[in-house]
Amino acid sequence: MKKQMTKILVLFIGLFGIANSLFAQGMEQNAISSILEVQQYNRAIHIMAMLLIGFGFLMVFVKKYGRSAITATFLLVSVAVPMYLAIKGMGFFEERSEIEQFILAEFGAASLLIAAGAILGRIKIYQYMILGVLFIPFYIFNEVVVLEDHFHFIGSIADTGGSIIIHAFGAIFGLSAAVFLSSKKQRETPIMADATSDRYSLLGSMVLWVFWPSFCAALVPAELIPTTVVNVFIALSGSTIATYILSVSIRGKINAADIANAALAGGVAIGATCDYATHTEAMIIGVVAGAVSTVGFAVLQDKYQKLFKIVDSCGVANLHGIPGIVGGLAAIFVVDGLNAASQLKGIAITILIAIITGLISGKIVSLFGKPDKIYDDVNEFEDVEEE
Amino acid sequence: MKKQMTKILVLFIGLFGIANSLFAQGMEQNAISSILEVQQYNRAIHIMAMLLIGFGFLMVFVKKYGRSAITATFLLVSVAVPMYLAIKGMGFFEERSEIEQFILAEFGAASLLIAAGAILGRIKIYQYMILGVLFIPFYIFNEVVVLEDHFHFIGSIADTGGSIIIHAFGAIFGLSAAVFLSSKKQRETPIMADATSDRYSLLGSMVLWVFWPSFCAALVPAELIPTTVVNVFIALSGSTIATYILSVSIRGKINAADIANAALAGGVAIGATCDYATHTEAMIIGVVAGAVSTVGFAVLQDKYQKLFKIVDSCGVANLHGIPGIVGGLAAIFVVDGLNAASQLKGIAITILIAIITGLISGKIVSLFGKPDKIYDDVNEFEDVEEE
Amino acid sequence: MKKQMTKILVLFIGLFGIANSLFAQGMEQNAISSILEVQQYNRAIHIMAMLLIGFGFLMVFVKKYGRSAITATFLLVSVAVPMYLAIKGMGFFEERSEIEQFILAEFGAASLLIAAGAILGRIKIYQYMILGVLFIPFYIFNEVVVLEDHFHFIGSIADTGGSIIIHAFGAIFGLSAAVFLSSKKQRETPIMADATSDRYSLLGSMVLWVFWPSFCAALVPAELIPTTVVNVFIALSGSTIATYILSVSIRGKINAADIANAALAGGVAIGATCDYATHTEAMIIGVVAGAVSTVGFAVLQDKYQKLFKIVDSCGVANLHGIPGIVGGLAAIFVVDGLNAASQLKGIAITILIAIITGLISGKIVSLFGKPDKIYDDVNEFEDVEEE
């Protein structure tokens, strides 16, 4: 295993070196454009807070798997961002400013973290890195095909904040990979949480909630940022209230995991229309997304896990998959002049690519073995005392 | 209860729709004004981090009530911000840019969270939402009367960072509400913390500390921001040092709750004068506020709780009430040309409105029942394992 | 002790008052320069998040010393920043804008927190404040001698993000102070962590990781910020991957403390060259720093602790000392036109000043007594229940 890793590392640096030599830096800039770029970097930092602290701690809900979840998050981001930059820097792609390229790399890392959420706790730590190395080229492929419409058969789609490209793609990729990474024994093993792990998870959820507007507005022009930001917060407020009401209504009591997850569904769903929607539309999208997501966690998850014989550790289908598609479809009603056929094609092709590449990746990752105990730090970490 | 909630939700969206149709969006903007708005949105994000992560986790100090505290915070913010925007968007009020309106909504949510701190753990989760629905119109009323001086009988007051309007108002409202929400049994129930809940609380406190300058400087013009920011940090440094010294001096040992709370009193008190004070004045205000607040927690809290037969779960009187008033009074000595009578009238009227509307709201909230067990997640949450 | 503290406080405010009266405020500014200053303040807030939440929680890894570590962090920052501003405001030093002065003060506080990491848990809480009062003047002295080259015998050095001036200085100062603050019994006492304290520590680490680019880019001109930011993230990615690989390779299992610490070594080492390096160089510097740091934690720490008869509680030699020097040396190969002799002299003199002033400070702090129990909150905190 040591050798394998050293190879990965060398390959990684090598790839990076090549890309860098081709990388275009430093156009002439005036004061205003510098200032606008610094404002973008500010949003890039907010997104990084979401990726590491947000996603990382949201996944600490698994009682005994906290250190592994955090370490996996660190590694996934550390593989995904430089790899994305290296590939996009090779010269085959549209040129963008350095900081915009970096934000796009963060989007890729977000999608990867979502995918990893589906199989969290059921692979070894270094397999997360393999997953990342497989994921990023496939993600870029989908980005090029659907978002940039490189082959001119989709048309223009609305997906500013990545409901389709980031959230739905990541979730469906992860669920597909889970087909090869969910043994019978694993399907019967409950995922345990406790009061401390739940509070960590709610912390991660809050970090995501707070910085979500910067995610959606990251590449939006300055003059549209106020409206975008307010839309995202309103959608999140809507999903938070809807989540609470439905969690209590369906289950009789509140479920902390519902709150930590479904409260964010408004952010997922508003992505596609964050810079177009009116505030009322944002509220409706948020409420619907929160409701759908909570029903997913409370009612549907057991069913689809049995149907497809998979385990979805973090419930990414409910938080990212369904709300992402809901958001993508909402754009048809919200965005003036949007071609419905293009939008539907964009969604369909994204789902298709995610399924195929997810299956391939899941199969490959599964070849590298499986952990002795699942959802448990003791497998790979030193000195884990029981609390 | 389900029906009630569905009604609230429908009402909420309806109100929002009306407001939105009246809402003025999109003035022509040039590059500079766009950039300045993006800078305001940055501060708006920092404030949101304070509201959710800061206030939320500060309230996790209650050992068994962590999930409830976090969920309540989520719901309070999700009710308050859209409701404030909806009311202010109805056309009766001064027009402001979208992002400034949003920041004012966040201020309202902050004040509500402070109010809720007084009764934390003694109402059911959905009652926090009722509290929010009652609070916001009263808060806006006080804002219009005192800050905007709509009826022209107060004059201009100094309260840039909300010592009076946000902190003192919220605290006194909450304490007044507590009159109807503190039974004899509740007054005799101790509020338990443990090492893990204390560390969460200190985390929340640090988040508040770090982003406090953005709270105070949120609506300050760009050229005054550096001095405002440094003032706030200096005041917080002063209160932190004073808190430590007085906590040890009075109690013999350090109390973690003193540090988590009173260390922030400098931020509360500097609010009124954050853009006027010299750095030395900021240090003095911070030290005095920290000292007063620590004396409040260590000595006065027991006394006033007995005197008024209330419980103040989070000690909001000590952190927000008294330091808020101290800060409001300090302005008389610090701000050149400030009319002392106006400032005193502003403080007095704010206190009056807070008491009356707090009593009304507390009575109404109390009509919706009380939880079986107080300060305990088991009441309303699924699956609470003991740690 | 009460009297001592009151004296410190009075002295503190007095010093502050004097400095303030001499302090230059308010140059005429146009819109653009105001905007640029607001952007600097944004980075100042990010740095403050690193100082309090980042460093504070990283040090919560000690199982029973969490509240003390957080309180110590609060106090160290609250002493260091105003003291730095007061001294620098006395008129003997280069004039800088208010917000730049504040960022420099934060850099000083960062270096102090690093120094305190070496002796964490082995002094009383108020001794951290004494440490701070001693540290800041010595830190400023080194800054003046090495960075500003006030006595014209070093020449210009490369250290934008403080690999040498901040990280190496702080670490070596702390290790030198530890010579007088590591008794035989203390050297034999293991520092215990558990699953909860480890997760807090990883949280702190992530906060540092996320905001590190703002630390390095804090005083960089706007047009160089994108490249600087991307360099820092790439270096951090490199050290994170290298840390994981080496932690597993050397120990057989992952060590959570390695991940929480050595993953950050890339940020330490890229500091000196963050605005010059190519992205490939940044990756290499990050990988090397992560590798060296992990070897330090896994192999060298026991050896140097025995050799010098010290305890290094947080392993600051491995995270800040060695990677800081590695970063300083890397500049010789990376920065065109840099005078190697100057860079080497700068590093050597910084080490020399840190050793001497650290020894003096450690001796003085040791005179104020030692705690009854080390690494334990019960010494000084009320109500510590066992979890």
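The values are calculated or read from the model by the stated rules, or taken from the named source; none is laboratory data. Keep in mind that this is a model prediction, so the values were computed, not measured. We place every Cβ from the backbone using ideal geometry, glycine too, and count neighbours over all the protein chains shown.
The set of residues in segment B:279-309 that are of a type in the set (S, T, N, Q) and in contact (Cβ under 8 Å) with a residue 40 or more places away in the chain comprises B:SER293, B:THR294, B:GLN305. Of everything listed in (1) of a type in the set (Phe, Trp, Tyr); (2) crowded, with 16+ Cβ neighbours inside 10 Å; (3) at pLDDT 95 or above, the single unmet condition for B:PHE333 is (2). Taking the residues in segment A:259-313 that are within 30 Å of A:GLU223 (Cα to Cα) and among the acidic types (Asp, Glu) as candidates, determine which candidate is nearest to the other protein chains (Cβ to nearest Cβ). That would be A:GLU281. Show the residue pairs meeting these rules: Cβ distance below 8 Å; 6+ apart or different chains; first residue within segment A:121-140 and farther than 21 Å from A:ILE356 by Cβ and within 14 Å of chain C (Cβ to nearest Cβ); second residue of a type in the set (D, E, K, R) and in a loop (DSSP other than H, G, I, E, B). The qualifying pairs are A:LYS124/A:LYS370; A:LYS124/A:GLU380; A:ILE125/A:GLU380.
Scanning segment A:124-167 for residues that are in a loop (DSSP other than H, G, I, E, B) and either hydroxyl-bearing (Ser, Thr, Tyr) or in contact with a helix residue (DSSP H, G or I) (Cβ under 6 Å, 6 or more places away or on another chain) (or both) turns up A:HIS150, A:ILE154, A:GLY155, A:SER156, A:ILE157, A:ALA158, A:ASP159, A:THR160, A:GLY161, A:GLY162.
Being without any contact (Cβ under 8 Å) to a residue 40 or more places away in the chain, facing chain B (nearest Cβ under 9 Å) and either under 18 Å from the mean Cα position of the chain (by Cα) or closer than 29 Å to C:ILE310 by Cα (or both) is the requirement here; does C:SER78 meet it?
Yes: the conditions hold for C:SER78.
Residues being within 18 Å of C:PHE102 (Cβ to Cβ), aliphatic (A, V, I, L, M), facing another protein chain (nearest Cβ under 8 Å) and part of a helix (DSSP H, G or I) are entirely absent from segment B:188-198.
Among the residues of segment A:52-66, which ones are facing chain C (nearest Cβ under 8 Å) and farther than 18 Å from B:LEU203 by Cβ?
A:LYS64
When the residues of segment C:232-242 are filtered to those that are at the interface with another protein chain (Cβ under 9 Å from one of its Cβ atoms) and in contact (Cβ under 8 Å) with a residue 24 or more places away in the chain, the one that is surrounded by the most Cβ atoms within 10 Å (Cβ to Cβ) is C:SER239.
How many residues are out of contact with any strand residue (DSSP E or B) (no Cβ under 7 Å at 6 or more places or on another chain), part of a helix (DSSP H, G or I) and farther than 14 Å from B:VAL232 by Cβ if we restrict to segment B:251-271?
Count: 7.
From C:SER205, C:SER183, C:SER201, which residue is closer than 30 Å to C:LYS370 by Cβ, within 9 Å of another protein chain (Cβ to nearest Cβ) and either modelled with pLDDT under 95 or within 20 Å of the chain's Cα centre (by Cα) (or both)? Answer to the check: C:SER205.
Got at least one residue in segment B:219-229 being among the β-branched types (Val, Ile, Thr), in contact with a helix residue (DSSP H, G or I) (Cβ under 6 Å, 6 or more places away or on another chain) and not in a helix (DSSP H, G or I)? Checking segment B:219-229: at least one residue is among the β-branched types (Val, Ile, Thr), in contact with a helix residue (DSSP H, G or I) (Cβ under 6 Å, 6 or more places away or on another chain) and not in a helix (DSSP H, G or I).
Restricting to segment B:272-315, and then to whatever is of a type in the set (A, V, I, L, M) and in a loop (DSSP other than H, G, I, E, B), can you tell me which residue is surrounded by the most Cβ atoms within 10 Å (Cβ to Cβ)?
Within segment B:272-315, the match that is surrounded by the most Cβ atoms within 10 Å (Cβ to Cβ) is B:ALA277.
Checked against the criterion of being more than 15 Å from the chain's Cα centre (by Cα) and outside any helix (DSSP H, G or I), the candidates B:GLU100, B:GLU95 yield just one match: B:GLU95.
Can you tell me which residues in segment B:182-198 are crowded, with 24+ Cβ neighbours inside 10 Å and of a type outside the set (S, T, N, Q)?
If the condition is that a residue be crowded, with 24+ Cβ neighbours inside 10 Å and of a type outside the set (S, T, N, Q), then B:ASP198 is the only one that fits.
Exactly one residue out of A:PHE169, A:PHE135 is crowded, with 22+ Cβ neighbours inside 10 Å and touching a Leu at 6+ places or on another chain (Cβ under 7 Å), and it is A:PHE135.
Screening B:MET27 with (1) at pLDDT below 95; (2) part of a helix (DSSP H, G or I); (3) of a type in the set (A, V, I, L, M, F, W, C) gives one miss only, at (2). Residue check: C:PHE107 meets all listed conditions (1) aromatic (Phe, Trp, Tyr); (2) without any contact (Cβ under 8 Å) to a residue 40 or more places away in the chain; (3) crowded, with 21+ Cβ neighbours inside 10 Å but one, namely (2). Kindly evaluate B:ILE165 against the criterion of being touching a Gly at 6+ places or on another chain (Cβ under 7 Å) and either over 30 Å from B:ILE332 (Cβ atoms) or modelled with pLDDT of 95 or more (or both). So B:ILE165 does not fit the description; no.
Apart from one condition, B:SER239 fits all of (1) modelled with pLDDT of 95 or more; (2) part of a helix (DSSP H, G or I); (3) of a type in the set (Gly, Ala, Ser); (4) farther than 24 Å from B:ALA291 by Cβ; the exception is (4).
Table: residues versus (1) at pLDDT 95 or above; (2) surrounded by 18 or more Cβ atoms within 10 Å (Cβ to Cβ); (3) more than 14 Å from chain C (Cβ to nearest Cβ); (4) in contact with a Leu (Cβ under 8 Å, 6 or more places away or on another chain).
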site	(1), (2), (3), (4)
A:ALA348	yes, no, yes, no
A:LEU352	yes, no, yes, no
A:ILE356	yes, no, yes, no
A:ILE360	yes, no, yes, yes
A:VAL365	yes, yes, yes, yes
A:GLY369	no, no, yes, no
A:LYS373	no, no, no, no
A:PHE381	no, yes, no, no
A:GLU385	no, no, no, no
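Consider B:ALA222 carefully, then state whether it is within 18 Å of C:PHE57 (Cβ to Cβ), in contact with an Asp or Glu (Cβ under 9 Å, 6 or more places away or on another chain), modelled with pLDDT under 95 and within 7 Å of another protein chain (Cβ to nearest Cβ). Here the answer is no, as B:ALA222 does not meet what is asked.
Does segment A:247-256 hold any residues that are more than 7 Å from chain B (Cβ to nearest Cβ) and surrounded by fewer than 24 Cβ atoms within 10 Å (Cβ to Cβ), and which are they?
A:VAL248, A:ILE250, A:GLY252
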